[in-house]
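What follows is one structure encoded as structure tokens, with my remarks underneath.
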């Protein structure tokens, strides 16, 4: 991983690729690399869809190695949704494959010279770029079927669907999984729109003939990996709950806690929760011949994914994640599994962020465009997005824009990005993360649910403001560092509770790269990433007044606990005061 | 005696039940309720009484709803 591949889309005669040494970005991976490169090379005041913006695609420091759970990919840019810096993170095969080919990053830069679409093919011999005109307008599923016909089923793909081509602010970038389905998305912040603005439809990565990356100290690395995998397997969350029920094991517990946003964040409990819970999904998937336990990339130990078949036993989509089940389910008043699975499939096919889309459909429902619980209407609305109709263009640009278009105050967004599946009034720690993360409302940026609800890493009462600032601060720092390693964020459950598993992670990094990192160095890494991101946002015009929840979260009490968000603005301003 | 509702989730349902009403002596604790349905304190990682986090020593009251979760996570 000592090479950066820059693809200049402005070149005459179509994009040109140039490999260069990693240079100033040596020793960086994942989010560290994407955020530092965006902060250094992209003018903060540029338009996100303009020529000065860049897409940076970076595997983590441990991606492409034998280390378990190391297949996460970071995709960075200036976000067309938030107007700030963005790192969207995805599983699937791409990170491992890119890293094995020796790339620390692939960068798409410049102004597309024409309206053409291009395909980028990368293998051990180099890079080829050709017209993708034949793929124009294709959904991710058909696109990948065509790629398979041509390149076989051993490659990994990074692609956009029609939403990315339309440059919608909710457009995602899809990564293929082990079965070569385009189900793993860098979802948030409209990264797909930026890829679309660069005129790149798909990047095909072929690691045939490329070896696994080799550690500096193979013996220590092997021992560390053994301890690492054992640690993940022995923790009851990473070794038990997640593989058995997937991320949607959360539906019942968040609903029970009264923090499960229902009908566009009107109440904190959903009557239909048990019908769409992880327990119900797992039983249905098994009954229909799908899989309830499955990994999204080679080397996954936790196996939280699954395969969802339709009523006829035919593949429909991957097991919808908790966030998707919530967004298209409870938040829209929909309690039908097959509807949620179909919406997940459509979002993946068009290349859309499921969180933003569910939040947006709920806003449309709240505005009276359709009724809460209207399953067929929700599917039709997402199909409008796929068609690119005038209504679809509004919906495809997210919850904030849709609320504005329909004259509605209740847009559950921070910095223009929709809140995920936890109400910040009943779970105040996550509210602090939503408010202050440089990414906009993002649960993964500092997953306070672990300590507020799940009692992982201790316990901080979710219904009170005390302790939430420190909790979110520490989690945001740790998360930024984990996002640099290429490790799946779910390792945090084991790392927070088991000091020996955290040590195994340090040992993996040190033995692979010949380093001597300590816990303090990891903290410093997280802080440096957050600082670069916040500096970019500040230069892009962000102020502390943007580190706030919409005011109705302070005004409207949420049932059943009848709580408002009571962390003060002054306290929010202390999150990054370390 | 008093009646409470006990709800079990995820792996705790295996060989048990999803939701049942049970009679308990006045003054019983969450731990007493867990013993009644054969769930050990170690298995019960997260407990809610009427949607609020509660500990095993919490004293139950007539009509309470006790929700019991094994260690779970996601996101």
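Bear in mind that the values in this text are calculations on the coordinates, not laboratory data. What you are looking at is a predicted structure, and each value in this text was computed from that prediction instead of being measured. Backbone-built Cβ (ideal geometry, glycine too); neighbour counts: all protein chains shown.
Of note:
- Mean partner shielding of peptide B:47-55, defined as the number of other chain Cβ atoms within 10 Å of each residue Cβ, is 4.
- Chain A, relative contact order [Cα under 8 Å, separation at least 6], %: 16 percent
- Shielding by partners - mean other protein chain Cβ count within 10 Å, residues of A:252-260: 5
- A simple spin-label model places pseudo-atoms 7 Å from Cα toward Cβ; at residue A:8 and residue B:5 they are separated by 6.7 nm.
- Net length gained if the chain between residue A:26 and residue A:219 were fully extended (0.36 nm per residue, minus Cα distance): 67.1 nm
- Taking a ≥ b ≥ c as the square roots of the Cα gyration tensor eigenvalues, the stretch A:282-440 comes out oblate, since a/c reaches at least 1.5 and a/b does not exceed b/c.
- Protection proxy ranking of A:238-244, A:550-556, A:62-68, A:538-544 - average other beta-carbon atoms within 10 Å, highest first: A:62-68, A:238-244, A:550-556, A:538-544
- Taking a ≥ b ≥ c as the square roots of the eigenvalues of the Cα gyration tensor, the stretch A:450-578 is classed as oblate, since a/c reaches at least 1.5 and a/b does not exceed b/c.
- Counting only other chain Cβ atoms within 10 Å of each residue's Cβ, the peptide A:558-566 averages 1.
- For chain B, the alpha-carbon coordinates run over 38, 24, 18 Å along the three principal axes, in decreasing order.
- With a cut-off of 16 Å on the backbone N, the residues of the stretch B:56-75 near the modelled label site 7 Å out from residue B:21 along Cα-Cβ are B:61-66.
- Pairs of Cα atoms nearer than 8 Å and 6+ residues apart set the relative contact order; for the stretch A:80-221 it is 34 percent.
- In this rough spin-label picture, where each label sits 7 Å from Cα along the Cβ direction, the residue A:233-residue B:29 distance is 3.6 nm.
- In the elastic network of chain B, a GNM with C-alpha springs shorter than 10 Å, the most mobile of B:36, B:47, B:12 is B:36.
- The helix-based estimate of mean residue ellipticity at 222 nm for the protein assembly as shown, built from -39,500 (n - 2.57) per DSSP H run of four or more residues and divided by its residue count, is -10000 deg cm²/dmol to the nearest 500.
- Taking other C-beta atoms within 10 angstrom as a stand-in for reagent exposure, A:229, A:363 fall in the order A:229, A:363, fewest first.
- If the chain linking residue A:383 and residue A:310 were pulled fully straight, counting 0.36 nm for each residue of separation and taking away their Cα-Cα distance, it would gain 24.4 nm.
- q = 0.23 Å⁻¹: log10 I(q)/I(0) that the Debye formula gives for the stretch A:505-557, counting C-alpha atoms only: -0.87
- Sites residue A:459 and residue A:566 - FRET efficiency at Förster radius 22 Å, r taken between beta-carbons, to 0.05: 0.75
- A rounded overall shape is assigned to chain A, the ratio a/c of its alpha-carbon gyration tensor axes (a ≥ b ≥ c) being less than 1.5.
- In plain terms, if you count all Cα to Cα distances in the stretch A:222-338 and split them into 10 Å steps from zero, the share in each step is 15, 40, 30, 13, 3, 0 percent.
- Here the peptides A:453-459, B:67-73, A:31-37 are ranked by packing, the mean other Cβ count within 10 Å, and the order with the highest first is A:31-37, B:67-73, A:453-459.
- Ranked A:578, A:326, A:228, criterion: other C-beta atoms within 10 Å, fewest first: A:578, A:228, A:326
- Short to long, the 10 Å bins of the Cα pair-distance histogram for the stretch A:530-569 hold 26, 35, 25, 15, 0 percent of all pairs.
- With a Förster radius of 25 Å applied to the beta-carbon distance between residue A:179 and residue A:124, the computed FRET efficiency rounds to 0.60.
- Full-extension gain in nm, residue A:263 to residue A:283, via 0.36 nm per residue minus C-alpha separation: 4.6 nm
- Using only the C-alpha atoms, the convex hull of the stretch A:1-148 corresponds to 125 Å³ per residue.
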